[in-house]
Amino acid sequence: MEIAQLNELKPRYTTSAGRIFTRDAEVVERVEALIGAHRRLLDSSYLGAFLADTFIDYPKLERLSLTISVSDEYDDNGGTYKRAHVHSVEINGVDEDDVEAADFDGLGSDKFNDDAMCLYEGYRESIEYADLVINVCRDQVQHLLKDISYVLYSANEAALQSGAGFWSNEFGWTIEEEATRFSRLETETVNFPISTGADAVWKKIDNSHIEIDGWEAFGAFFPERKAEIEARRLQARL
């Protein structure tokens, strides 16, 4: 069943709230299976994109280890639901001799707690809800991040030179269009140019044009499940 077929079924077999409303067990089974396939696909896509985006946001991050546990929580109706908690976050930088704590500001349990259940379900292999340790590294998705570039920017130079706060190896401090583009690895080795107040920083550019394919990222983190996700993707016609 394709998405178009699901759309044809929806007016006849669902309520305005989207709840399936029919006595035809076969229709219910087919619709729920399709919805479930879409949900699993989207969950996998989101998980891959979320993890890849973490390495984009933290260019000095090489490896990340998360410890997650799951507990039963009570809802307002007296029922229970599963909730995941990130207990610890261990971080390794690309070059331990050139990494400062400030390079990973915000990369704590609070960043991951909202998505803890998604992370847990994506990685767990057992039906049991035992504590889980997740390990991911930059090498797994490096090929997806290779087109990201960086420029050197100085707010002080921009203020003093009518916006010319971007560094060019050819022109010096200039406008963004003329700035020298550097790779992530170059940000670890290039010496900063002299700027007023020594305020030069790396700035990630063209991020609005970078589209991390969540499914591709998921396949990079889970190569053994790539065929499975591809099958779902084709089935859902995405």
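The values are calculated or read from the model by the stated rules, or taken from the named source; none is laboratory data. No experiment lies behind these values; they were computed from the predicted model shown. Every residue, glycine as well, gets a Cβ built from its backbone with ideal geometry; the counts of neighbours run over all protein chains shown. For the accessible areas, the whole protein counts, side chains as well, though only heavy atoms, and no ligand, DNA or RNA atoms are used. Shrake-Rupley method; radii C 1.70, N 1.55, O 1.52, S 1.80 Å.
Karplus-derived 3J(HN,Hα) values for the stretch 184-201, using 6.51 cos²θ - 1.76 cosθ + 1.60 with θ = phi - 60°, are 4, 5, 5, 5, 8, 10, 6, 7, 6, x, 6, 9, 4, x, 6, 9, 4, 9 Hz; glycine and proline are entered as x. Protection proxy ranking, highest mean first, for peptides 73-86, 157-170, 106-119, 185-198: 157-170, 106-119, 185-198, 73-86, where packing is the per-residue count of other beta-carbon atoms within 10 Å, averaged.
The residues of the stretch 161-223 expose on average 58 square angstrom of accessible surface per residue, using a 1.4 Å probe on protein heavy atoms.
Here the spin labels are modelled as points 7 Å beyond Cα on the Cα-Cβ line, and at Glu62 and Cys118 they lie 2.8 nm apart. For Arg39, the accessible surface of its heavy atoms amounts to roughly 130 Å² (probe 1.4 Å, protein chains only, rounded to the nearest 10).
Would you mind calculating the gained length between Arg83 and Asp105 on full extension (0.36 nm times residue separation, minus the Cα-Cα distance), in nm to one decimal?
So the extension gain works out to 5.4 nm.
Relative to the present Cα-Cα distance, how much length would full extension add between Ile127 and Glu230 at 0.36 nm per residue of separation?
Length difference between fully extended and current span is 34.7 nm.
The solvent-accessible area of Ile91, taken with every protein chain present and a 1.4 Å probe, is close to 60 Å².
In debye, nearest 20: dipole of the stretch 70-116 around its Cα centre with unit charges on the Cβ of K, R (+) and D, E (-)?
440
In plain terms, the bigger the Kirkwood radius, the slower the diffusion; for the stretch 48-169, with that radius from Cα pairs, at 4 °C and 1.567 mPa s, Stokes-Einstein puts D at 76 µm²/s.
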